[in-house]
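Q: One structure follows; several queries about it will come next.
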Amino acid sequence: MHHLEVMNMNFNISVTGVPGTGKTTLCKSLGKEGWKILDLNEFALETSCLEGDIVDLDCLIPKINPHMGAILDSHYSHLVPSFAVIIMECSPEILRTRLADRRYDKKKIEENVDCLLSDCIGSECAENYPENRILRLNSGAEDEISILEKAVNFISKMEMKHNGT
């Protein structure tokens, strides 16, 4: 499934969703296909935009080149410069299990489940992106290969849209 044209992508695509929905899994798969992946948490640390556990978006946003051609991985990636967004989702039951496996405390698990159920990230994306530049993928309903194929197709469509073809 490798795509040679990925090296020419001159815009960013955000992969977002509450913790535990499959963002990093998808990004690792996209990285194996040749796309440049930027973990925003690591980037925030490297660029001194981290205050304790909190990312300072006012510090981070100016440091992100909107034309670097990267897949941006983070639960807040939809808030930084990108052309399109992939929202990762799963069922509340699957999310609870995944976060419990990561040793999240019950309060933090329920905060993330509430965010998932209220579609807070989807609402933020709808405010910042046209509907045709948002893709929702459910990591609990489909296997990794199917999710990867849908993401690759979406990115290819965004490339054509961005390049006016």
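Q: Yes or no: residue 19 modelled with pLDDT of 95 or more and farther than 16 Å from residue 150 by Cα? Lay out the reasoning, then the answer.
A: On the way: modelled with pLDDT of 95 or more: yes; farther than 16 Å from residue 150 by Cα: yes.
Answer is yes for this residue.
Q: Filter segment 140-155 down to the residues that are free of Cβ contacts under 8 Å to residues at least 12 places away in the same chain and within 21 Å of residue 84 (Cβ to Cβ), then identify the one that is surrounded by the most Cβ atoms within 10 Å (Cβ to Cβ).
A: To start, the set of residues in segment 140-155 that are free of Cβ contacts under 8 Å to residues at least 12 places away in the same chain comprises 142-143, 145-146, 153.
Checking the rest, the ones that are also within 21 Å of residue 84 (Cβ to Cβ) come to 142, 146, 153.
On the way: 142: 15, 146: 11, 153: 11.
Among residues in segment 140-155 that are free of Cβ contacts under 8 Å to residues at least 12 places away in the same chain and within 21 Å of residue 84 (Cβ to Cβ), the one surrounded by the most Cβ atoms within 10 Å (Cβ to Cβ) is 142.
For every residue, the table says whether it meets (1) free of Cβ contacts under 8 Å to residues at least 24 places away in the same chain; (2) of a type in the set (Asp, Glu); (3) in contact with a Leu (Cβ under 9 Å, 6 or more places away or on another chain).
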| residue | (1), (2), (3) |
| --- | --- |
| 35 | no, no, no |
| 67 | no, no, no |
| 85 | no, no, yes |
| 88 | no, no, yes |
| 101 | yes, yes, no |
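Q: Now for a separate question. Of the conditions (1) without any contact (Cβ under 8 Å) to a residue 24 or more places away in the chain; (2) surrounded by 16 or more Cβ atoms within 10 Å (Cβ to Cβ); (3) among the small types (Gly, Ala, Ser), residue 123 satisfies every one except a single condition; which number is it?
A: The number of the failed condition is (2).
Q: Name every residue in segment 53-102 that is surrounded by 14 or more Cβ atoms within 10 Å (Cβ to Cβ) and polar (S, T, N, Q), in order of residue number.
A: 74, 77, 82, 91, 97
Q: Give the residue that is nearest to residue 31 (Cα to Cα), with candidates limited to residues of segment 129-146 that are in contact with a Ser or Thr (Cβ under 9 Å, 6 or more places away or on another chain) and of a type in the set (S, T, N, Q).
A: That would be 139.
The values are calculated or read from the model by the stated rules, or taken from the named source; none is laboratory data. Note that the structure is a prediction, hence the values are computed from the model and not measured. Neighbour counts run over all protein chains shown; Cβ positions are idealised from the backbone, glycine included.
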